[in-house]
1. Among A:212, A:235, A:201, which is the only one that is in the same structural domain as residue A:115 (by TED's automatic domain parsing), farther than 25 Å from residue A:150 by Cα and touching a Pro at 6+ places or on another chain (Cβ under 8 Å)?
2. Has the stretch A:244-255 got any residue that is touching a residue at least 40 places away in the same chain (Cβ under 8 Å) and either at the interface with chain B (Cβ under 9 Å from one of its Cβ atoms) or farther than 24 Å from residue A:333 by Cα (or both)?
3. Is it the case that residue A:235 is modelled with pLDDT of 90 or more, open to solvent by less than 50 Å² (accessible area, probe 1.4 Å) and within 30 Å of residue A:353 (Cβ to Cβ)?
4. Checking the condition at pLDDT below 90, surrounded by fewer than 18 Cβ atoms within 10 Å (Cβ to Cβ) and not assigned by TED's automatic domain parsing to the domain that holds residue A:212, which residue from A:72, A:83 passes?
5. Going through A:137, A:106 one at a time, which residue ends up being within 14 Å of chain B (Cβ to nearest Cβ), surrounded by fewer than 19 Cβ atoms within 10 Å (Cβ to Cβ) and part of a helix (DSSP H, G or I)?
6. Quick check on my filter: what residues within the stretch A:293-309 are at the interface with another protein chain (Cβ under 8 Å from one of its Cβ atoms) and farther than 19 Å from residue B:392 by Cβ?
7. Residue check: is residue A:310 in a helix (DSSP H, G or I), of a type in the set (Val, Ile, Thr), surrounded by fewer than 21 Cβ atoms within 10 Å (Cβ to Cβ) and in the same structural domain as residue A:117 (by TED's automatic domain parsing)?
8. Scan B:109, B:98, B:119 and give me the residue that is in a helix (DSSP H, G or I) and either crowded, with 20+ Cβ neighbours inside 10 Å or on the phi < 0 side of the Ramachandran plot (or both).
Amino acid sequence: MTTTVRQSPRLRMRRGTGIRKGEAASGWLFTTPMLVLLGLFLVIPVLMALWVSFSDWSGRGSPFSSGVSFTGLKNYSSVLTGGGLAEQNFGVALKNNAWYVVLVVPLQTALSLFLAVLVNRQILRGRGFFRTAFYFPSVTSSVAITVLWLFLFSSTGAVNKLISFVGVTGPNWFNEPAGIFHFGITNGPGFLVNNSTLGVAWWDWVGGPSFAMFALILLAVFTTSGTFMLLFLAALQNISGEVQEAAMVDGANGWQRFWRITLPQLRPTLFTVLTLGLIGCWQVFDQIYTGTQGGPAKTTLTPAYLSYQTSFQDQQWGQGAAIAFILFAIIVFFTLVQRWVLADRKVSKRRLRAYRIPGSKR
Amino acid sequence: MQRRNHWLAAGALAIAGALALSACGSGFSSTTGSGSKGLTSSKKALTVLIGSSGDAETAAVKSAVADWSSSSGTKATVLPATNLTQQLSQGFASGKPADVFYLSTDALAGYASNGSLLAYGDQLPNKSDFYPSLVKSFTYNNKFYCAPKDFSTLQLEINTDKWKAAGLTDADIPTTWDQLDAVSKKLTTGKTTGLVMSGQYARVGAFMTQAGGNLMNADSTKATADSAANVTALTFVQKMLKEGDLKFAKDVGAGWGGEALGKGLAAMTIEGNWITGGMTADYPKIKYTVNPLPAGPVGKGTLQFTNCWGIAADSPNQAAALKLVEKLTSASDQLAFSKAFGPMPSIQSAASAWKSANPALVPFLDAAAYAQGVPTAKGAADVVADFDSKIETLKTADPKAILQATQTNLQALIK
């Protein structure tokens, strides 16, 4: 007891006596419900799934029961290097989803930024109406929109009718397994056909998304652009007008102001949008589940759906969990890459030259 | 985007949640006593989980179960599943599955191998009354697991008006592949294609059996995908595809053969007896006949599809469940089901009654003598799905390569 009395005031505060006595305890008290909830419904299940991905659990009873044994990396290796159907399916799913990401993320980001700039303009009449209209697809249920899409893109649907006016016979969208980049070409060059990665020939990797997947890509851009427009709009309204005015005084035209003034200030939002878009795209599930179930010819199979299918339909729970964790690793990897690419850096000398005052020596 | 994030989160949670529940779930072995023949029995109510095709089926099963319930004194509830495989899996993982449920042939091996199912087939008093090929479909590791609920076979449906318009008579109904090819050519005019069917194993496989092949042997213990018979079958189908007398349903913009027949896009299609329900509901004006499929180089052949009444190993009241299944597979109940939603009874003693009630559909039931089942090895569904994805492009693909790849995949299952 006597030792406490001799301590300095700083130390005493840290020990939780004096006026701030009990603060730490109340802190824990207030966060406990959330910690318990997160632990119970997030951390423990994730750890259990991690265990399943390393086990031979067959789907009956508890994965921690005595009959379930540790199998090491067997589930992972059958998906990544097994050479069998599991590897092929994963390769196909990865290929499909990679194209989905490559097309959806830039398109939706560009479109949402474009829309945000449009509805941010002061002179636009009925801004409120347009903001609501553009945001509308985002609030509609994705299942409803997927069903709508199935009708729009059927072989005799509205989309094909529309493109028939310009003399083009539209494909049978949701039944066309051919890649959009080799539609009509049946045989590729030998080195592309004969070499394969993850059980999928290079020729198929470069073939692009199938027409069915492409329709889903348009769907994703249509539904998510509104949400991201909102993010960009908030960011745009945060940018102070003074910088813009200064640029105008310097004689920058609208185009230059957008690229040199507005966009650099949007960088944090851009990072958010790209990251959310990337994560969402790698996790695409509900459109597949309600719309195509992976068909035609597995061209809309994605890792998230494959994980579900492998677990619930094929009863390969370990493999399904392994796919989910590989997907997790992929998402983390790409997010880190993106963070690195968009990180704030010093302006390079080459860039600095652009801001040199004309006529000065350097 | 938010919604999509939710989905994977929800998926992960669903899997993980099932695990969590299973960890917390208490076993009920302590509350149940063992009845006769090693079956559990208790006073607990039964749950019957069905993958229903619609209101007619749900109502028929509900009324049959309610009848049994009032006569036996054991309570029983019928639950139509929204996603049967998913709900079954969740039940087995949590240790509290439905007591009695629909079970498909391709799901049998997976659930049987992890011990989720009760192998009660040998305890059925009318065991020998079931068609032997159906019993084979529900036999895994030499154990007869569950009573076939009903079955369907594939046959050839012909649009009567289009048949007459092409100047064809009853004598022209094809009995060989060549005749099928010939009439199909005659029937192909304008927007109508002679023969339209779904491009998948569950249709094309009929040709394989006519050539003497199939993807696996009858017991699903040996892969036979790359046999010469299968190559012959696929080559014939490919020939018809190339000539344009045969088209896959999706290529004419139809969801399945029945839709193609109903919309007049097809003069003939290959479907099972479920087509009757679809045609009556959606295209009541179309007249069509059901005819046996033509014989191939080796003889008659077709595929059959079936489901069984599974009973859970974890059920606390297996004795009552078995009694319920006995009632549901009795001739009277199966005939009532057939009247309500169309499937054929799985027991031979109900055959003549069914035939006299459905004279136009007799070819479907006659096929029971020669129909073959689909592969039931564990994981076969996945291989068949892969095969289907390749069959969609059969017109330009190499049949041998498709079959070879499938052979490799099937062999991997039975190692």
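1. A:235
2. Within the stretch A:244-255 (the criterion being touching a residue at least 40 places away in the same chain (Cβ under 8 Å) and either at the interface with chain B (Cβ under 9 Å from one of its Cβ atoms) or farther than 24 Å from residue A:333 by Cα (or both)), the answer is no, since none of the residues qualifies.
3. yes
4. A:72
5. A:137
6. Selection gives A:304, A:307, A:308.
7. no
8. B:109
The values are calculated or read from the model by the stated rules, or taken from the named source; none is laboratory data. As the structure is a computational prediction, the values presented were derived from the model and not from experiment. Please note: Cβ atoms are built from the backbone with ideal geometry, for glycine as well, and neighbour counts cover all protein chains shown. Remember, those area values only see protein heavy atoms, side chains included, never the ligands or the DNA or RNA. Shrake-Rupley method; radii C 1.70, N 1.55, O 1.52, S 1.80 Å.
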